[in-house]
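The values are calculated or read from the model by the stated rules, or taken from the named source; none is laboratory data. From a predicted model like this one, the values you see are computed outputs, not experimental measurements. Ideal geometry is used to build each Cβ from the backbone, glycine not excepted, and the neighbour counts take in all protein chains shown. Each accessible area value is taken on the protein alone, full model and side chains, heavy atoms only, with ligands, DNA and RNA left out. Shrake-Rupley method; radii C 1.70, N 1.55, O 1.52, S 1.80 Å.
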Amino acid sequence: MAMVGNECHEVILVDDDVEMRTATAQWFDLAGYQVRSYPHAVAALSDIVQGLRGVVVSDVRMPKMDGMQFLEQVNGVDPDIPVVLITAHGDVTMAVEAMRQGAYDFIEKPFDPERLLDVIRRACEKYRLIVENRQLRRRLAGPVSIEQRLIGTSAVMKRLHEEILNLADINAAVLIQGETGTGKEVVARCLHDFGARHEQRFVAVNCAAVPDSVFESELFGYEKGAFTGADQQRIGRFEYANKGSLFLDEIGSMPIALQVKVLRVLQERELLRVGSNEPHLLDIRLICATNKNLREECSAGRFREDLFYRINVVELNIPPLRDRGEDVLLLFDFFVGQAAEAYRRPCVTISSHGAALLLEHDWPGNVRELKNMAERFVLSSLPMSQRLASMLSGFEQEVSGVQKTSLQELMRLHERALLDHALLRHQGDVQAVMEELVLPRRTLNEKMTRHQLDRRNYVRD
Ligand SMILES: Nc1ncnc2c1ncn2[C@@H]1O[C@H](COP(=O)(O)OP(=O)(O)OP(=O)(O)O)[C@@H](O)[C@H]1O
Ligand SMILES: [Mg+2]
């Protein structure tokens with residue numbers, strides 16, 4: 001029996017497929033782990049306790065509670081417990097989501113037992129280190145420069161760095177405008193962190209996410225008994241941000257009826273909790289952000305002009321990613337490095353062809369879209385030469401759902417995707433693909449040529 005050389009030696013295994021479960025449990029057993037296996041996640045929950053000296057391995061698709069929900073539960077008990085999920089082969093979206101939700105790793109079906117054991121061994125070895133590392137990193141995380149926080153060396157970004165540093169220390173209200181995903185929140189945090197108030201609170205309110213009915217009490221707080229259900233006094237976000245910065249995100253979505261109340265608070269610099277007559281003095285640094293054109297919103301009567309002038313003492317415009325030239329490559333490298341470290345994958349670089357694809361794309365979702373793509377790139381199991389092209393064409397396919405696309409074009413995309421998946425599943429075995437899709441060899445060859453699919457790219461070593 002192999003020895004497990006550290007303190008972490010338990011495996012909690014969940015799979016509803018009895019054969020799979022028994023076989024997997026046997027491998028673990030042979031490798032020297034203590035295995036406890038369960039047919040469903042609910043039964044396994046009682047075994048999940050803080051400080052568990054082991055690893056959780058779970059199938060994703062299961063009745064009652066699926067692997068993702070189980071992961072959430074385990075995270076809730078102790079986010080340091082490594083969870084390895086078993087996903088369907090080629091399900092990158094699910095895998096990306098799992099890693100984001102904090103899975104230690106995922107393994108695709110059908111899997112090689114040695115590979116699974118390898119993952120478990122690493123998870124175990126890293127278990128204690130993860131905790132130690134985090135503490136260490138927190139201590140070392142000293143002050144970082146604005147260039148490290150807001151990445152970009154293009155002229156527009158350099159100018160933005162300057163502007164932020166110039167504005168950080170003054171109290172004027174700043175309105176940050178920019179398309180979705182351009183980094184408005186990062187900029188808001190930089191304004192706070194590089195300014196005189198950095199030791200005070202940064203309080204963010206997403207105006208689009210607060211329901212109208214509770215907006216006032218959420219922002220201004222209330223006194224006990226102010227309305228039915230107000231059984232305790234509550235401090236609002238404005239007051240909570242006192243002496244620090246208040247970030248009103250997506251301010252363009254603030255209901256018009258509330259705008260006048262916010263305006264009053266900003267003008268008077270004092271605040272009344274709901275149900276109170278006693279004003280509280282407010283000293284906040286106001287930062288607002290929007291991806292709407294607030295001037296247009298004002299003309300359309302959806303945003304109060306007086307409030308607009310109050311929040312827009314200084315305007316910071318964040319350029320869309322497509323106007324930042326080679327920053328795209330810099331950011332991609334950065335996010336790939338980040339994802340590779342977080343997901344313990346090798347740090348990969350892209351070819352010049354890949355770089356050209358990235359530079360050509362117009363990035364409607366801006367930096368967020370690029371970051372997502374970098375994560376998928378790192379986690380994808382496709383051969384390197386195909387990763388970017390498949391993601392960018394996949395993206396176009398999604399976009400074309402809302403734009404007008406001919407049926408013929410949709411069918412072409414669909415056919416390509418079907419062939420791509422079949423080749424992936426059969427690891428480039430053309431004979432198997434022919435049989436699965438009931439296609440004569442010649443037709444398959446023609447189609448593969450037309451779609452520029454090369455079987456060699458699907459062969460695994
Ligand atoms: N220049 C940058 N350097 C590093 N990371 C960035 C940069 N810009 C954006 N990001 C990252 O991209 C993601 C999107 O940024 P952010 O949330 O700030 O965008 P946003 O403009 O607020 O988007 P939305 O309009 O959708 O709210 C975040 O994960 C952020 O950390
Ligand atoms: Mg935002």
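Things to note:
- Think of each Lys and Arg Cβ as +1 and each Asp and Glu Cβ as -1; about the Cα centre, that makes the dipole of segment 151-319 roughly 80 debye.
- Annotation: per residue accessible area for the chain equals 53 Å², rounded to a whole number [probe 1.4 Å, protein chains only].
- A 1.4 Å probe over all protein chains sorts Tyr240, Tyr38, Tyr458, Tyr309 by accessible area into Tyr309, Tyr240, Tyr38, Tyr458, starting with the largest.
- Histogram of C-alpha separations across segment 170-221, 5 Å bin width, %: 4, 15, 21, 20, 20, 16, 3, 0
- Accessible-area order (highest first, 1.4 angstrom probe) of the listed residues Ile350, Ile86: Ile350, Ile86
- Calculated Rg and Dmax of segment 206-348 using C-alpha coordinates, Å: 19.9, 61
- Order of exposure, largest accessible area first, which applies to Trp27, Trp363 with probe 1.4 Å: Trp27, Trp363
- FRET efficiency for the Arg201 to Tyr309 pair, using the beta carbon distance and R₀ = 22 Å, is estimated at 0.25.
- Carbon plus sulfur fraction of accessible area for the chain, probe 1.4 Å, in percent: 50 percent
- Hull volume in cubic angstrom per residue (convex hull over the Cα atoms of the chain): 200 Å³
- Thr349 sits with roughly 110 Å² accessible to a 1.4 Å probe, with DNA, RNA and ligands left out of the calculation.
- The solvent-accessible area of Val313, taken with every protein chain present and a 1.4 Å probe, is close to 90 Å².
- Geometric descriptor of segment 156-283, per residue, is 111 Å³ (volume of the convex hull of the Cα atoms).
- Charging the Cβ of each Asp and Glu at -1 and of each Lys and Arg at +1, and nothing else, the dipole of the chain about its Cα centre rounds to 500 debye.
- Set of lysines with alpha-carbon distance to Lys158 below 23 Å, sequence-local pairs under 8 removed: Lys184, Lys371
- Taking 14 Å as the cut-off, the amide N atoms of segment 82-117 that come nearer than this to a point 7 Å along the Cα-to-beta-carbon line of Arg425 belong to 88-91, 109-110.
- Distance between modelled label sites at Val459 and Leu418, nm, 7 Å Cα→Cβ extension: 2.7 nm
- For Glu409 and Gln232, the difference between the fully extended length at 0.36 nm per residue and the C-alpha to C-alpha distance is 57.7 nm.
- Taking a straight Cα-Cα cut-off under 29 Å and skipping sequence neighbours fewer than 8 places away in the same chain, the lysines within cross-link reach of Lys447 are Lys109, Lys404.
- Distance from segment 90-110 to segment 36-63 (C-alpha centre basis), Å: 17 Å
- Per-pair calculated FRET efficiency, R0 = 22 Å: Lys243 and Ala209 via Cβ, rounded to 0.05: 0.35
- Radius of gyration, Dmax [segment 10-140; alpha carbons; angstrom]: 14.0, 48
- 5 angstrom amide H check on Val55, placed H, neighbours 5+ away: Glu10, Val11, Ile12
- The distance from the alpha carbon centre of segment 164-231 to that of segment 248-308 is 11 Å, rounded to a whole number.
- Under the span-like rule (Cα at least 30 Å along the axis, Kyte-Doolittle mean at least 1.6), DSSP H helices of the chain: none
- D by Stokes-Einstein for segment 406-461, Kirkwood Rh over Cα pairs, 10 °C, 1.306 mPa s: 140 µm²/s.
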